[in-house]
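Input: a single structure, listed below in structure tokens.
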Amino acid sequence: MHRMTSKQARHTRRAVLQSAIDADARCATADPDLWFRTDDEPQITWQARRAEAIRVCIGCPVRTACEELALRNGDGNHRVDDMVRGGLSGAQLAAARTAEADRLTAAVDADQDTEGRQHDDLSVELRTQAGLNPYGRRNRGRLRQDENRTEQNLRIRALATRIRQIRTARRARAGWAVAA
Ligand code: SF4
């Protein structure tokens, strides 16, 4: 399975980050309460659960995407030790957000621009198309299956071209080196 690097995550738009998390989050099949401290939970029991949550996060294929989205969402607090996201405690998230304040401000601004959203939507659509079975139901004829595959390939090519155009235009305007 492809793991997004932290560098890729930093340059990736919100919808793409969320899509990656929705597809592969380890916590999706675990008890969601593990990642949050309950009201009035003693520090001693929370510490044990927090360590276990961090252990699961460390092996999660979308950990870097999750951390990046948590930072953009403003999750975590210096004063309240009550959560884990992306393998970091609330205090660690808050510290990372402070350390990366300028970059995160730019990333959140970019999340909100129209072209960025279009890039995100196209990227999600591309992932969806690439994951579809072009042959559909087995009882369809060979000719129809070939037509489906041809149509799917054309859609994927068109989406990839449009994404590339947006990235190229944005790099030219902003001088970004890695991604749109
Ligand atoms: S890094 Fe942790 S909190 Fe984030 S999706 Fe993975 S398991 Fe869930």
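The values are calculated or read from the model by the stated rules, or taken from the named source; none is laboratory data. Keep in mind that this is a model prediction, so the values were computed, not measured. Quick reminder, even Gly has a Cβ in these numbers, built from the backbone with ideal geometry, and neighbours come from all protein chains shown. Just the protein is used for accessible areas: all its heavy atoms, side chains included, with ligands, DNA and RNA removed. Shrake-Rupley method; radii C 1.70, N 1.55, O 1.52, S 1.80 Å.
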In the stretch 16-35, anything in contact with a Lys or Arg (Cβ under 9 Å, 6 or more places away or on another chain) and open to solvent by 80 Å² or more (accessible area, probe 1.4 Å) is listed as ARG26, ASP33
Filter the stretch 97-136 down to the residues that are assigned to a helix (DSSP H, G or I) and of a type in the set (Asp, Glu), then identify the one that is farthest from ARG13 (Cα to Cα). ASP102
Among the residues in the stretch 82-92, are any within 16 Å of the ligand (Cβ to nearest atom), crowded, with 18+ Cβ neighbours inside 10 Å, of a type in the set (Val, Ile, Thr) and under 30 Å from ILE166 (Cα atoms)? no
Being among the β-branched types (Val, Ile, Thr) and away from the ligand (no atom under 11 Å from the Cβ) is true for just one of THR45, THR64, THR29. Which residue is that? THR45
Within the stretch 36-61, restricting to residues that are outside any helix (DSSP H, G or I) and among the acidic types (Asp, Glu), the one that is surrounded by the most Cβ atoms within 10 Å (Cβ to Cβ) is GLU41
Show the residue pairs that are 6+ apart or on different chains and have beta-carbon atoms under 8 Å apart, the first residue being within the stretch 64-91 and closer than 15 Å to ALA25 by Cα, the second being assigned to a strand (DSSP E or B) and of a type in the set (Lys, Arg). CYS66/ARG85; GLU67/ARG85; ALA70/ARG85
Can you tell me which residue is nearest to LYS7 (Cα to Cα) among those in the stretch 62-95 that are at pLDDT 95 or above and assigned to a loop (DSSP other than H, G, I, E, B)? VAL62
